[in-house]
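Below is one structure, written out as structure tokens; comments come after it.
No value in this document is a laboratory result; all are computed from the given coordinates. Keep in mind it's a predicted model, so treat the numbers as computed, not measured. All Cβ positions, glycine included, derive from the backbone under ideal geometry; neighbour counts span all protein chains shown.
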Amino acid sequence: MRHLLILNPNTTASVTALLQQHGQRAAGADVLVSTATARFGAPYIACEASYAVAGHAVLDAWAHALMATPRSFQSRPHPSAVLIGCFGDPGLWALRDSSDVPVTGLAEAAFTAAAALGPFAVVTGGARWRPMLERLAGALGLSAQLAGIHTVAPSGAQLAADPDAAVALLAEACREAAARWPVNSIVLGGAGLAGMAARVQARLQADVQADVGVPVIDSVEAGVRHALALPVQSDKASGFVCGWQGVSVDMTAMGATAPGRP
């Protein structure tokens with residue numbers, strides 16, 4: 001059985017629970033989905049500083065999942081792929097460089113799925129995310145396809161706390177985005193928004209005048225599909241190519257200067 005490990009880069013357990021629930025649903029019964037929560041950092045990633053710390057937290061959570069020894073995790077197969085469960089993908093390239101299995105993030109996966117359809121827009125929570133996501137789109141080579149980013153005032157965590165109000169707010173944001181930019185799809189971005197895309201789409205379609213006429217993409221569903229479709233890296237070992245000082249025991253154990261490592 002394939003095993004998808006989803007890492008939550010923030011410290012909020014309720015977000016991890018959403019990732020587990022909707023990740024397993026998207027993966028299907030033939031894939032085991034497990035999750036891990038950042039052991040330090042911010043409850044919600046909302047600025048450059050919290051994003052930077054989240055990159056470290058992702059590496060630590062991954063190392064802890066592989067090296068620390070909860071019996072429940074040891075009984076599971078080695079991960080087949082890793083998904084960074086944050087719409088912003090902190091630590092993406094660092095973890096990809098260090099992992100022996102494919103790695104992706106919610107934003108990379110959703111951007112890739114949307115770009116395959118042509119120009120796309122993003123709707124997400126938190127105004128500070130706009131420049132961060134624009135930078136990520138550039139790093140992924142998708143700036144030309146990203147028509148625009150429409151942010152709503154509540155954060156993803158705040159939206160997740162009141163799903164009914166969130167669906168109404170996000171549906172209106174999608175309508176405004178589609179009216180502003182000529183797009184072929186809209187990405188609903190954020191771990192806390194998992195499962196809302198279908199409800200937003202249904203709300204738009206129920207009102208013919210408000211229907212945007214394009215698919216609304218769930219970033220968690222896109223992340224799961226993309227992670228499981230990535231090719232296996234059969235000739236690579238997990239670990240860091242540097243030694244560490246002052247990091248967790250798990251990261252130290254996977255460093256280049258650890259006993260038994262080259």
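Figures for the structure shown
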| read-out | value |
| --- | --- |
| Amide H contacts under 5 Å for VAL33, placed H, 5+ residues apart | LEU4 |
| Net charge of Cβ neighbours under 14 Å - reference LEU142; Lys, Arg +1; Asp, Glu -1 | -2 |
| Crossing angle, helix 13-27 versus the chain [Cα axis fit, 0-90 degrees, rounded to tens] | 80 degrees |
| q = 0.09 Å⁻¹: log10 I(q)/I(0) that the Debye formula gives for the chain, counting C-alpha atoms only | -0.39 |
| Surrounding net charge for GLY189, when Lys and Arg each add one and Asp and Glu each subtract one, Cβ distance under 14 Å | -3 |
| Charge tally in the Cβ shell below 15 Å around VAL220, where Lys, Arg are +1 and Asp, Glu are -1, VAL220 excluded | -1 |
| Ranked by how many other beta carbons lie within 10 Å on average, peptides 77-86, 169-178 from highest | 77-86, 169-178 |
| At most 14 other Cβ within 10 Å, DSSP loop - trypsin sites (Lys or Arg not before Pro), the stretch 1-68 | ARG39 |
| Using θ = phi - 60° and Karplus 6.51 cos²θ - 1.76 cosθ + 1.60, couplings along the stretch 120-135 (whole Hz; Gly, Pro as x) | 9, 10, 10, 10, 8, x, x, 5, 5, 6, 4, x, 5, 6, 4, 5 |
| Hydrodynamic radius by Kirkwood, which averages 1/r over all alpha carbon pairs of the stretch 107-219, in angstrom | 13.6 Å |
| Simple Cβ-charge dipole of the chain, Lys/Arg +1 and Asp/Glu -1, about Cα centre, in debye nearest 20 | 320 debye |
| The chain: calculated mean residue ellipticity at 222 nm from DSSP helix runs of at least 4, using -39500 (n - 2.57) | -13500 deg cm²/dmol |
